[in-house]
Structure formats: C-alpha cells, structure tokens
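Before any comments, here is the structure.
The values are calculated or read from the model by the stated rules, or taken from the named source; none is laboratory data. What you are looking at is a predicted structure, and each value in this text was computed from that prediction instead of being measured. Heads up, the Cβs are rebuilt from the backbone with ideal geometry, glycines too, and the neighbour counts pull from every protein chain shown.
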C-alpha cells in the first residue's frame, strides 16, 4: 500500500490502513484541509464553490462521494461534473466561476490507485507553497465543520465536456476545414477511461473517421495505462491493419497524448509537443518551455523559428509558472503533455490532437514523414524503486560531485548536460511513485541506454 503527498496532489492505493493508503479517513482529512484553504482565500465572497470531476477508475465514485460530503460538511457548494477529463475540470473552474476544483484521477497509475489533484480559482494546480501549507494543515487535523443551516449544496453539470470541445474548435489555429478535407481515418485507444467519452466527440466534430479501441469508460484498463510503446502493441498493429492515417492514445485522465504513425511506428511521446510547437511557432513565433526531463528537440525547433527555449522543474505547476514568466506561446512536458495558453494553462490532449491534425492536414504528408523532419534524439526512461532507508540527497550529491566538470542543474534533482555530445541525463525522485527516475537522451538509442545504465550502476553502488 502507498500514500504519496506531493506537488502533484495526494495519491495512493485504495484499501488498507489509514496513513498508508488513500483510505476514506485520509480522503476526509485532505479534503477538509483543502476546504479550509478555500474558505480562507474567499472570506469576502460568500459561500465558496468547488468543481469536482473524475476519471473512470472503479474507486472514483466512492472517493467522489467522500470528498463531496466533506466539502458540503465544510460549508462549500459542490458542482459535480461526473466523469470528465482533467483539462475539462480545469477549464470548468473558470467557466463556472468556481473558487477551486478537485480532479479524482491517478493519471497513468494502475487502477488500484486514485488521487486528489487540487486546483485554485484559475483552474491551475496549487503552487508549491500552497501545497505545503495545505499538507501541514491536514496533519494538524484541527477542523471545524459547518452547522446544519450552513451546509453546502451539490449540483450536477454534464455540459462541460461539450463546452471544452467547442472552445478547442473555436481556436484560430484549429483548421477544421483542412481536417475535413484530409478525410482522416484514426484509431483511438482511450484505455477504457474518460478519453472514451471526450475524444470520439472531438474527432467526430472535425469530420474524422474513428475506429474505437478501449473506449468503454468502465475503468478496467486493458493494458498498463501509461502511454509508452511497450504498452501499445495492440494499437500499433491495428493502425496499419485498418489503413488508418494515425493512432491516438491518451492516458486515463486525458492530459497526455501519444501518437502512432500510419505504418505502426511510434511518433514518440516526446515528439507530440515538438510537432505541436512547430505548428504553433510557424504561426505565432515566441518562446517555449518544457521540463528538465524533456527532449532537447523542442529547443532545436524553437531556435529554428527564432524563439528562445526555457526549462523548468518537473511538474505541470512548474512548467506553467515558467511559461507565464517568459510569456511562452506553447509549452508542456515530454510525456505527451501539451499546454497551449491560448486555451488554458493545463496539459490537454484534446487541444493537442486538434492542433496536430491541423498541422498534418495543412502539410498534406503522412505522419511518419512529419516525424522524419525533426531532429532525431532517443530517450532512455528508467526508474529504480526506493527503499524506506534510501538517502536520496546523499546519492544525488555524489553524482553532482563526480560530474562537476559538466553543466549541472539542480533545480529538480540533478540534470547533467554533455553539450558537446548533445546528450544529457536527469535524475530525480518521482512525485507520483516511490522511485528515482533516470532519463537519458542522446543521438542514438544505444548511446542513451548506455548512459542511463552507467548512471544506474553508479546509483546502486552509492
């Protein structure tokens, strides 16, 4: 059993002992702390209201009921969207003039996990400072719930998914006419979660012919829900078999996007953001941002268009903060997360798909041909499971000392850049799992793998 409290929210497995998993008691504690945080920020605004949405995993309804009841008991009104994508909930916070939001999803984690992703009044994740303050309040567990006449109320809203889709289609750079003319045939794998609700609606509204794979939103993930090549063999075979132009894969809460080329090859989750940024920058030049674990291909594309590339610590809130600081026109994370500020500051696979199809339709080339136009980098993604007595700070310090002659960033773990060889390695403790992630990138798969293995061996000896 596991319970992880971090900048990415409160995440844990269902069942087990309080304090060691995401049990109802833990859920009440964290929802109560969030309620107090919301009320303190809105003392002059009357009764606050909070939007709640969830992915399709089996525990979602139970966790939703516990959280909704806690918010109501705290004197907060609840707007329940039911099953909705993470970006849909984020956008609903502002469109419904709410004071915050809670998304119930453990993203790419297996079905036994769930999580509370907490949003502020802008529909964005809590800052590091706000998150730490909330966790401190939760640990004190000194709450004062509302009396009967001050209880909150719950309302239901099932329109936000369609409103989200309309907002995407109304963006100036979404070329619906070109997409219609392209007559795309697409296979969509929604891993039996909320992508099975939203993605077919979006694609149909652009005239795309859809072949659905794993689109029943029952939360029974047919494969590991993290959209990595080793988990996507079925769709990789189905795309060429069905003569499709493209395969689209989303994670359970639809903030990550992976693409399959027409020949069944992988476009690469790192290149989702690169391709979308290439399109955006060709129309609206400017700066870009991605996190330290993302491909340097975005930097290359940005500089090709005359913009400036910036990196941030891992975590959507960190990417968003840096995007705002440098006024970036596009940004995101190399895990297939596209953040397009013209719509909202959040990773959004729906807008990612619409922008990608617009670009592909305008260029009138195959998906594999588009991929071939980009700098060819290879990333080796690895992780080492932590034990309770692992001294991470000591391990990272040893790595920094050994590679001190190279360019090092320590804003999030340790990233070492071997600039002359166009390769890097990034080590950091995960926000979502009890592991150290080791990502390495180079100009060949062998070189990236060798670099990652070298660092992993050094970690094991520490």
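Kindly establish whether residue 131 is out of contact with any helix residue (DSSP H, G or I) (no Cβ under 7 Å at 6 or more places or on another chain), in the same structural domain as residue 88 (by TED's automatic domain parsing), buried (at least 16 other Cβ atoms within 10 Å of the Cβ) and under 24 Å from residue 52 (Cβ atoms).
On the way: out of contact with any helix residue (DSSP H, G or I) (no Cβ under 7 Å at 6 or more places or on another chain): yes; in the same structural domain as residue 88 (by TED's automatic domain parsing): yes; buried (at least 16 other Cβ atoms within 10 Å of the Cβ): yes; under 24 Å from residue 52 (Cβ atoms): yes.
Yes; evaluated as a whole, the condition is true for this residue.
Specify the residue that is nearest to residue 254 (Cα to Cα); the eligible residues are those in the range 112-126 that are part of a loop (DSSP other than H, G, I, E, B) and either in contact with a strand residue (DSSP E or B) (Cβ under 7 Å, 6 or more places away or on another chain) or modelled with pLDDT under 95 (or both).
Step one: filter the range 112-126 for residues part of a loop (DSSP other than H, G, I, E, B), giving 112, 120-124, 126.
With either in contact with a strand residue (DSSP E or B) (Cβ under 7 Å, 6 or more places away or on another chain) or modelled with pLDDT under 95 (or both) added as a condition, the list becomes 112, 120-121, 123, 126.
Details: 112: 18, 120: 20, 121: 21, 123: 16, 126: 20 Å.
Here the answer is 123.
For the subset of the range 1-14 comprising residues that are in contact (Cβ under 8 Å) with a residue 60 or more places away in the chain and in a loop (DSSP other than H, G, I, E, B), which member is farthest from residue 217 (Cα to Cα)? Write out each step before concluding.
Residues of the range 1-14 in contact (Cβ under 8 Å) with a residue 60 or more places away in the chain: 2, 4-14.
Next, from what is left, pick out any that are in a loop (DSSP other than H, G, I, E, B): 2, 7-8, 14.
Values: 2: 25, 7: 28, 8: 24, 14: 19 Å.
The residue in question is 7.
Of everything in the range 1-47 that's closer than 12 Å to residue 116 by Cα and modelled with pLDDT under 90, which residue is farthest from the chain's Cα centre (by Cα)?
Selected residue: 3.
Any idea which of 405, 449 is outside the structural domain of residue 317 (by TED's automatic domain parsing), modelled with pLDDT of 90 or more, closer than 30 Å to residue 276 by Cβ and not in a strand (DSSP E or B)? I'd like the intermediate steps shown before the answer.
On the way: 405 fails: closer than 30 Å to residue 276 by Cβ.
Answer to the selection: 449.
Can residue 69 be described as assigned by TED's automatic domain parsing to the domain that holds residue 28, surrounded by fewer than 24 Cβ atoms within 10 Å (Cβ to Cβ) and free of Cβ contacts under 8 Å to residues at least 40 places away in the same chain? Break it down stepwise before answering.
Values: assigned by TED's automatic domain parsing to the domain that holds residue 28: yes; surrounded by fewer than 24 Cβ atoms within 10 Å (Cβ to Cβ): yes; free of Cβ contacts under 8 Å to residues at least 40 places away in the same chain: yes.
Yes: the conditions hold for residue 69.
Among 402, 366, 383, which is more than 23 Å from the chain's Cα centre (by Cα) and over 30 Å from residue 281 (Cα atoms)? Walk me through how you get there before you give the answer.
On the way: 366 fails: over 30 Å from residue 281 (Cα atoms); 383 fails: more than 23 Å from the chain's Cα centre (by Cα).
Answer to the check: 402.
Select from the range 345-373 the residues that are touching a helix residue (DSSP H, G or I) at 6+ places or on another chain (Cβ under 6 Å) and in a loop (DSSP other than H, G, I, E, B) and write down the one among them that is surrounded by the most Cβ atoms within 10 Å (Cβ to Cβ).
Taking the candidates together, the pick is 348.
Those residues that are more than 26 Å from the chain's Cα centre (by Cα) and either in a helix (DSSP H, G or I) or not assigned by TED's automatic domain parsing to the domain that holds residue 206 (or both), I need them from the range 168-186; list them, please.
Passing the criteria: 177, 178, 180, 181, 182.
Could you tell me how many of the residues in the range 398-412 are in contact (Cβ under 8 Å) with a residue 24 or more places away in the chain and in contact with a strand residue (DSSP E or B) (Cβ under 6 Å, 6 or more places away or on another chain)? Lay out the reasoning, then the answer.
Taking the range 398-412 as the starting set, the residues that turn out to be in contact (Cβ under 8 Å) with a residue 24 or more places away in the chain are 398-399, 402, 409, 411-412.
Now narrow it down to the ones that are in contact with a strand residue (DSSP E or B) (Cβ under 6 Å, 6 or more places away or on another chain): 399, 409, 412.
So the count comes out to 3.
Considering the range 425-457 alone, what residues qualify as being touching a helix residue (DSSP H, G or I) at 6+ places or on another chain (Cβ under 8 Å) and free of Cβ contacts under 8 Å to residues at least 60 places away in the same chain?
Listed by number, the residues that qualify are 425, 427, 429, 436, 438, 455.
Considering 118, 126, which residue is touching a residue at least 40 places away in the same chain (Cβ under 8 Å), buried (at least 17 other Cβ atoms within 10 Å of the Cβ) and under 20 Å from residue 59 (Cβ atoms)?
Details: 126 fails: under 20 Å from residue 59 (Cβ atoms).
None of the other options fit; the residue is 118.
Between residues in the range 147-164 that are closer than 23 Å to residue 39 by Cα and residues that are surrounded by 10 or more Cβ atoms within 10 Å (Cβ to Cβ) and at pLDDT below 95, which pairs lie under 7 Å by C-beta distance while being six or more apart or on different chains?
152/47
State whether the residues of the range 246-262 include one that is surrounded by fewer than 24 Cβ atoms within 10 Å (Cβ to Cβ), assigned by TED's automatic domain parsing to the domain that holds residue 333, touching a strand residue (DSSP E or B) at 6+ places or on another chain (Cβ under 7 Å) and free of Cβ contacts under 8 Å to residues at least 60 places away in the same chain.
no
Report, by residue number, each residue of the range 195-237 that is in contact (Cβ under 8 Å) with a residue 60 or more places away in the chain and in a loop (DSSP other than H, G, I, E, B).
First pass over the range 195-237, keeping only residues in contact (Cβ under 8 Å) with a residue 60 or more places away in the chain: 195-199, 202-203, 206, 208, 217-221, 224-228.
Answer for the range 195-237, where residues must be in contact (Cβ under 8 Å) with a residue 60 or more places away in the chain and in a loop (DSSP other than H, G, I, E, B): 206, 208, 217, 218, 219, 220, 221, 224, 225, 226, 227, 228.
How many residues does the range 80-111 hold that are part of a strand (DSSP E or B) and surrounded by fewer than 22 Cβ atoms within 10 Å (Cβ to Cβ)? Break it down into steps so the answer makes sense when it comes.
Initially, the range 80-111 is screened for residues part of a strand (DSSP E or B), giving 80-83, 100-104.
After this cut, where a residue has to be surrounded by fewer than 22 Cβ atoms within 10 Å (Cβ to Cβ) as well, the list is 80, 82.
Result for the range 80-111: 2.
I need the full set of residues from the range 26-61 which are surrounded by fewer than 21 Cβ atoms within 10 Å (Cβ to Cβ), free of Cβ contacts under 8 Å to residues at least 40 places away in the same chain and in a helix (DSSP H, G or I), in order please.
Selection gives 39, 40, 61.
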